[in-house]
Structures are given as C-alpha cells and as structure tokens.
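Peer 1: Structure incoming, see below.
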Amino acid sequence: MLKKIIAYTLSIITIIFFVLTLLLILLGIKANQEKNIVTIFGYSYSVVATDSMEDTIMVGEILTIKSVPFSEVDRGEIIVFWSGAKQAYIVHRVIDKQGDKLITKGDNPAAPIDADPVTENNYHGVVIKHRNFLNLGKIMLEYRSLVYGLIIFLFFYIIVSEIINIIRNLKKAKQEELQKQLELSRQKIYEEEKAKLREQILEEMKKE
C-alpha cells in the first residue's frame with residue numbers, strides 16, 4: 001500500500017512539474033511574440049540574435065540574466081536593456097556611467113557606441129552567464145516555431161501519459177480492493193456455512 005501511495009505521489013509531482021514547465025514555455029512564447037522577456041525569481045533567459053557582442057558572446061548563445069538593481073550596475077558589466085529605436089532588447093557592455101545613465105557599446109569592434117544612454121526605465125538586468133549548449137540557441141533562432149511546437153507536443157504527451165497511468169493504477173487498485181473484499185465475503189460465507197453445518201451435525205447427534 002505504501003509503495004502505491006509513493007507511486008501516485010511521484011506521478012502527481014511529475015505532472016505538476018511538467019505543467020509548470022509547459023506554462024513557462026507558453027509564457028516564453030507569448031513574451032517572445034510581444035518582444036518581452038519573462039523573469040522568474042529574479043532570473044531570465046534569452047538567446048543572442050546578433051553579432052554585436054562577438055567575440056565575447058556569439059550568435060545563438062544562451063544568456064542567464066539576473067535582475068541586479070540599476071544603481072549597482074558598474075562599468076564593464078554586460079547588461080540587457082530595451083532599445084526604443086530598434087524595438088528590441090539589446091545585450092551590450094557598460095563602458096561608462098554618467099550620473100543615472102549608462103553608456104553602452106557592443107564588444108564587436110564594428111559596433112558603435114549606443115546613441116541613447118540606458119536609464120532605469122529601459123534597463124532589464126545583468127548577464128551573469130552565457131553559453132553555447134549543443135547549438136540549441138541557433139536551432140531555436142532558425143526553427144523557433146518548430147522547436148516550440150515539438151516541445152509543447154512532447155510535454156502534452158508526457159502529461160497525458162502520466163494521467164492515463166494514474167487512472168490505470170487507480171482502476172487496478174480499485175479492482176484489487178474489490179477482489180479482496182469478494183474473497184473476504186466468500187471466506188465469511190464459507191465460515192458461516194461451516195458453522196451452520198457443524199451446528200446441524202451436533203443437533204442430529206443430540207437427537208440420536
């Protein structure tokens with residue numbers, strides 16, 4: 001019984017995990033369509049789409065962005081900010097601070113200094129990690145719709161499979177319980193019939 005409870009609990013936890021992950025993916029797709037970045041517990045992730053930070057950060061690398069307070073950002077740090085002129089999020093390095101404004105530029109020698117300083121209003125966060133994992137970033141950039149579709153299909157398949165598995169286990173447990181009750185009923189009837197037969201035999205023996 002304990003094993004069954006543990007199995008059901010693990011299945012439910014698995015479903016909850018996949019549902020939450022699927023929700024995050026859907027939020028990511030929605031945010032991407034709206035040219036936004038989803039932030040969870042102070043962290044967000046994005047894929048580099050341009051070469052303005054090469055050779056430090058290459059196209060397709062996956063960024064981990066931390067929501068560091070604007071006042072704590074220092075020279076030399078790589079930040080993410082919204083560019084109204086380009087209508088996109090930009091990943092550039094802070095090369096100077098002028099009061100409450102940050103002057104930024106891409107590491108690519110061909111990249112010019114950004115015309116508009118970054119303020120607290122359009123600042124998003126600081127890049128704390130960037131990596132190229134099996135070219136997943138490039139694949140997502142080139143085949144974004146296909147990748148999202150496959151991920152959603154896979155998660156739905158796993159969730160439905162887990163739900164079906166739970167239903168089957170519940171039915172099996174119910175059948176086993178009914179079988180157990182039936183066996184107990186049969187045993188009870190057998191014992192009652194046995195007791196009655198014994199009483200009849202004793203009664204007949206007394207008459208003789």
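The values are calculated or read from the model by the stated rules, or taken from the named source; none is laboratory data. Given the structure is predicted, the values throughout are model-derived calculations rather than measurements. In this analysis, Cβ positions are derived from the backbone assuming ideal geometry, glycine residues included, and neighbour counts consider all displayed protein chains.
Peer 1: Here is a list of conditions, (1) at pLDDT 80 or above; (2) surrounded by fewer than 17 Cβ atoms within 10 Å (Cβ to Cβ); (3) under 16 Å from ALA49 (Cβ atoms), and GLU142 meets all of them except one; can you say which number that is?
Peer 2: Among (1) at pLDDT 80 or above; (2) surrounded by fewer than 17 Cβ atoms within 10 Å (Cβ to Cβ); (3) under 16 Å from ALA49 (Cβ atoms), GLU142 violates only (1).
Peer 1: Out of (1) touching an Asp or Glu at 6+ places or on another chain (Cβ under 8 Å); (2) modelled with pLDDT of 75 or more, the odd one out for GLY137 is which?
Peer 2: All conditions pass for GLY137, except number (2).
Peer 1: Being more than 22 Å from SER46 (Cα to Cα), modelled with pLDDT under 75, in a helix (DSSP H, G or I) and of a type in the set (D, E, K, R) is true for just one of GLU203, GLU192, GLU176, GLU183. Which residue is that?
Peer 2: Numbers: GLU192 fails: modelled with pLDDT under 75; GLU176 fails: modelled with pLDDT under 75; GLU183 fails: modelled with pLDDT under 75.
Going through GLU203, GLU192, GLU176, GLU183 in turn, just one is more than 22 Å from SER46 (Cα to Cα), modelled with pLDDT under 75, in a helix (DSSP H, G or I) and of a type in the set (D, E, K, R): GLU203.
Peer 1: Among LEU27, LEU22, which is the only one that is more than 23 Å from ASN122 (Cα to Cα), assigned to a helix (DSSP H, G or I), at pLDDT below 90 and not charged (D, E, K, R)?
Peer 2: LEU22
Peer 1: May I pose another question? Looking at the range 34-66 only, could you name the residues that are buried (at least 16 other Cβ atoms within 10 Å of the Cβ) and within 19 Å of GLU120 (Cβ to Cβ)?
Peer 2: Correct list: ILE37, SER44, ILE65.
Peer 1: Continuing with this model, one more query. For ILE103, indicate whether it is surrounded by 10 or more Cβ atoms within 10 Å (Cβ to Cβ), out of contact with any Ser or Thr (no Cβ under 6 Å at 6 or more places or on another chain), at pLDDT below 85 and of a type outside the set (Gly, Ala, Ser). If you could, list the steps in order and put the result at the bottom.
Peer 2: Details: surrounded by 10 or more Cβ atoms within 10 Å (Cβ to Cβ): yes; out of contact with any Ser or Thr (no Cβ under 6 Å at 6 or more places or on another chain): yes; at pLDDT below 85: no; of a type outside the set (Gly, Ala, Ser): yes.
No, not satisfied.
Peer 1: Same structure again: Got a number for residues in the range 117-132 being of a type in the set (A, V, I, L, M), surrounded by 14 or more Cβ atoms within 10 Å (Cβ to Cβ) and under 26 Å from the mean Cα position of the chain (by Cα)?
Peer 2: The initial filter retains those residues of the range 117-132 that are of a type in the set (A, V, I, L, M), namely 118, 126-128.
Remaining after also requiring surrounded by 14 or more Cβ atoms within 10 Å (Cβ to Cβ): 118, 126-127.
Adding the requirement that they be under 26 Å from the mean Cα position of the chain (by Cα) leaves 126-127.
Final tally of qualifying residues: 2.
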